[in-house]
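The values are calculated or read from the model by the stated rules, or taken from the named source; none is laboratory data. None of the values given here were measured: they were computed from a predicted structure. Cβ atoms come from the backbone with ideal geometry, glycine included; neighbour counts cover every protein chain shown. When the accessible area is computed, the model is the full protein with side chains, heavy atoms only, and any ligands, DNA or RNA have been set aside. Shrake-Rupley method; radii C 1.70, N 1.55, O 1.52, S 1.80 Å.
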Amino acid sequence: MDVSDLLTSAGINIAICVVLLSLYSILRKQPGNACVYFTRRLVSEPVRGTGAISCFERFVPSTGWIAKAWQATDEEILAVGGVDAVAFMRIVVFSIRVFIIAAVICLFIVLPVNYYGQDMQHKEIHSESLEVFTIGNVKEDSKWLWVHCLALYLISCSACVLLYFEYKNITKMRLAHITGSPPNPSHFTVLVRGVPWSPDNSYSNSVEQFFSTYYPESYLSHQMVYGSCTVDKLMKDAERMYRMLKSIDPRFLDRSLPYCIPGGAAHPFMVLNLRADSVSSSTSMDRLQPSQRRKECPAAFVFFRTRYAALVAAQVLQSSNPMLWVTELAPEPHDVYWSNLSIPYKQVWLRKITTLIASVVFMFLFLLPVTFVQGLTQLEHLDQLSRRVPFLKGILKQ
């Protein structure tokens, strides 16, 4: 491959990046895509119109968002996205810095050594082959090979130093965030999965007996996880419809209700508010039969009196069987996918292994044919391949 081919390939990739960034800039301005690009803001704030943006501006790519994203400070990212978002951005910045250091060392130290590694008549730069810029162009047993070793040490040491300072800064920021934030119930809570089944006790009694025995001074209480039922699904659908209707003009609802809801003169939210007491009074968990109650799952949230006790319980192995009494720090309530907690922990473990095996199999199924095809594209090796595998001679010739 020549340098001109490499520049052409780089130009195509840059053009594709510019097109994708332009499409993103246009699509994020469309009102219909607000639920895709601004979901978090829509959940926390009521939906408002986009009258401030003209029709022409919505279809013209803009680069202002790139400058705003680049100028955002760690404090602003911390206030909007939390510590994890800041840590992710610091990883991106760290990668960019390492890439810049490696690029400078390779451009000004390694490439000249490779280019002048042998006594030969060079062509113009754009007509040169890429092989003259590699280590293969350096003479064997040449002292200039130590330049490559020095370059590797410089890049590795620079990456280690930058990684040390990044880790130190993120650790300080995380510690300041934890100590400065108000007490959160999740800091004192541990998620327990793989609760063993007992014919004599329920899951709730087993959890209470276990933690009362091993953590008598720090154990406070616990809350079992129950399987989802039809009522939970209806409540989720009702909450989703409420979010959709909350931003609609009430006058539009008044005009549309008589045609879609019997007795539409009354506002549906008012009817629900008036009937809330009657519904809660007529439907009680105490009146339900045992078969109608929600099924307990082998998972629970255990609450401790101190954060230290919760951290110790989350880190310590609770049982000799790694599939039982599995503990971890509880996530935030809005980060929990509740239906997954009802899955047995053994099944979760099997799913992880199955996913890993499927990924490895897919990697090899993809790697083998690609390697074979890439090998066929090396024309200088076709003669050797035809001599070693005679029955492929006709195919290789074509």
Practice problem: Of all residues in segment 171-218, count the ones that are closer than 30 Å to A85 by Cα, of a type in the set (G, A, S) and open to solvent by less than 40 Å² (accessible area, probe 1.4 Å). | Solution: 2
Quiz item: Of these, T179, T171, which one is modelled with pLDDT under 85, under 33 Å from the mean Cα position of the chain (by Cα) and β-branched (V, I, T)?
Solution: T179
Practice problem: Can you work out which of the residues in segment 345-384 that are at pLDDT below 75 and hydrophobic (A, V, I, L, M, F, W, C) is least open to solvent (accessible area, probe 1.4 Å)? | Solution: L382
Quiz prompt | Within segment 123-155, considering residues that are exposed (fewer than 11 other Cβ atoms within 10 Å of the Cβ) and hydroxyl-bearing (S, T, Y), the one farthest from D2 (Cα to Cα) | solution = Y153
Quiz item: Assuming V302 fulfils every condition listed in (1) touching a strand residue (DSSP E or B) at 6+ places or on another chain (Cβ under 8 Å); (2) assigned to a helix (DSSP H, G or I); (3) aliphatic (A, V, I, L, M) apart from one, which condition is it?
Solution: (2)
